[in-house]
Amino acid sequence: MEEYSVFTWASIIVICSFIGFVIENAWIGIRYGYFDNRNMYLPFLLGYGIAVVLFYIILGLPEKYPDIKYFSSVFVLVSLGEIILGYVVEKVCGIYYWDYSGLPFHLTRYTSLFTSAGFAAMITVFMRSVFPFIVKMLSLIEAFPFRYAGVIFAGLLIVDYFASFYQMRKRKDFHLRWKVELRIKSEDESVICH
């Protein structure tokens, strides 16, 4: 496993946090017909960035294993991570952050066979194909300001994370800042945009 600088790790966290924001909004858009701020002020989901770093530290890249072993390991880690995060948010903020209990083969409200398998497949492909490319591109950036940009943005994401969760805990409700409906609504339905 290669070792990376703090600048590279910070940039990976920022890039993957943005990718996570896009993925969640794509899923919400397809499934429910809207996209929103995903409870954060900034368009980043820190959990995705941290998860990618942890997957790399714990499992390395898929090329070290047959893909099924890597996929299975990611499946277990995703399931455990979703259950732990879901229960922590439930206890700390008093809300159900997400609820998969309407899906078949769910294990608690926070994980299901299909969501864990979907995340495991995406992460396996990402770690095999995209992660090495991102690291290679980041290694080409030598300019002083760009090296520190990742650290500064990662710091902002941490502040955003705690500020957003503070609001959820204080209100015992989601931190909805804006929402864009993608479906055409009838006249009696309203569109929420903040």
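Listing for the model above:
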item: Among (1) under 19 Å from the mean Cα position of the chain (by Cα); (2) more than 21 Å from Ile58 (Cα to Cα), the one test that Ala117 misses; result: (2)
item: Out of Ser116, Ser164, sole residue that is surrounded by 17 or more Cβ atoms within 10 Å (Cβ to Cβ), out of contact with any helix residue (DSSP H, G or I) (no Cβ under 6 Å at 6 or more places or on another chain), modelled with pLDDT of 95 or more and not aromatic (Phe, Trp, Tyr); result: Ser164
item: Residues within segment 59-82 that are assigned to a helix (DSSP H, G or I), over 30 Å from Gly150 (Cβ atoms) and either open to solvent by 70 Å² or more (accessible area, probe 1.4 Å) or among the hydrophobic types (A, V, I, L, M, F, W, C) (or both), tallied; result: 2
item: Unique match (being out of contact with any Pro (no Cβ under 9 Å at 6 or more places or on another chain) and open to solvent by 70 Å² or more (accessible area, probe 1.4 Å)) among Tyr56, Tyr48, Tyr41; result: Tyr41
item: Search result, residues across segment 160-186 that are charged (D, E, K, R) and either assigned to a helix (DSSP H, G or I) or in contact (Cβ under 8 Å) with a residue 12 or more places away in the chain (or both); result: Asp160, Arg169, Lys170, Arg171, Lys172, Asp173, Arg177, Lys179, Glu181, Arg183
item: Candidate set: segment 139-155, residues that are open to solvent by 70 Å² or more (accessible area, probe 1.4 Å) and under 11 Å from Ala10 (Cβ atoms); chosen: the one nearest to the chain's Cα centre (by Cα); result: Phe153
item: Conditions (1) in a helix (DSSP H, G or I); (2) under 24 Å from Phe18 (Cβ atoms); (3) touching a residue at least 40 places away in the same chain (Cβ under 8 Å): number failed by Val92; result: (2)
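Each row is one residue, and each column tells you yes or no for (1) in a helix (DSSP H, G or I); (2) surrounded by 14 or more Cβ atoms within 10 Å (Cβ to Cβ); (3) on the phi < 0 side of the Ramachandran plot.
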| site | (1), (2), (3) |
| --- | --- |
| Val88 | yes, no, yes |
| Tyr97 | no, yes, yes |
| Met122 | yes, yes, yes |
| Arg128 | yes, yes, yes |
| Phe133 | yes, no, yes |
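The values are calculated or read from the model by the stated rules, or taken from the named source; none is laboratory data. It should be emphasised that the depicted structure is a prediction, and the values quoted were computed from it without experimental measurement. Positions of Cβ are backbone-derived with ideal geometry, glycine not excepted, and every protein chain shown enters the neighbour counts. Only protein heavy atoms, including side chains, enter the accessible area calculation; ligands, DNA and RNA are left aside. Shrake-Rupley method; radii C 1.70, N 1.55, O 1.52, S 1.80 Å.
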